[in-house]
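All remarks here apply to the structure that follows.
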Amino acid sequence: MLLEPTILRHRLYQISPGLLQSMGVKAIALDVDNTLTLHNSQVVPPEVQAYLQQLQGMGFRLFIISNNSRARVAPFAGRLGLEFVCSAAKPLTFGLRRACRRFGVERGQLLLVGDQLFTDILAARLFGCPSALVTPFQLEQHGFLHFKRLLERPILRRIAARKEREDHE
């Protein structure tokens, strides 16, 4: 399925570094809003900070990839000491292509982590790299993002049920 993530977890820090190593992941592209922090927040939760430091200590290359502007992404990436690609236009793949060139990794060695099926996961699938979907920190209550979340619900239920069956086989 085009919208199915490789990994499905509640939070980013629940993705086992051992799993990433077994998948051959060398670089991790991280969405910002509702993946690493609350929407439009500059605060990095301590669990997220500790996990990112653990990954870096294990040799994973980390960077931010966001559809947001430089004004939103640069200060947040700076707090984490990470490079970033902003205005990535996910689900289009040119931001991911740019990131692979910058970090010298192949598509299959890059994991994209995000909270949205129609941007993050679709971008990864179109690009040909593995993906991880995490539960958003908070659901949007109005506007286009709220509408997309409503569209995601039935798809997420099917994906979660399929993953649950696979885990019990």
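Shape analysis of region 1-57 places it in the oblate category; the axes a ≥ b ≥ c from the Cα gyration tensor give an a/c of at least 1.5, with a/b not above b/c.
Dividing the radius of gyration of the alpha carbons in region 46-129 by their Kirkwood radius gives 0.95 for Rg/Rh. Using the empirical formula 2.2 N^0.38 Å as the baseline, the Cα radius of gyration of region 10-93 reaches a ratio of 1.06. Taken per residue, the accessible surface of the chain reaches 48 Å², heavy atoms only and a 1.4 Å probe. The Cα atoms of the chain cover 39, 37, 31 Å along the three principal axes, with the biggest extent listed first.
Once you reduce region 29-71 and region 118-169 to the center of their Cα atoms, the two points are 18 Å from each other. Provide the FRET efficiency to the nearest 0.05 for the LEU150-MET58 pair, computing r from the beta carbons and using R0 = 41 Å. It comes to 0.60. Taking the Cα centre of region 1-113 as reference, the dipole from Cβ charges on Lys and Arg (+1) and Asp and Glu (-1) amounts to some 340 debye.
When the solvent-accessible area of region 61-169 is split by element, carbon and sulfur atoms take up 54 percent of it, the probe being 1.4 Å.
The values are calculated or read from the model by the stated rules, or taken from the named source; none is laboratory data. All values reported here derive from a predicted model rather than from experimental measurement. Cβ atoms come from the backbone with ideal geometry, glycine included; neighbour counts cover every protein chain shown. In case anyone asks, the SASA skips ligands and DNA or RNA and just uses the protein heavy atoms, side chains included. Shrake-Rupley method; radii C 1.70, N 1.55, O 1.52, S 1.80 Å.
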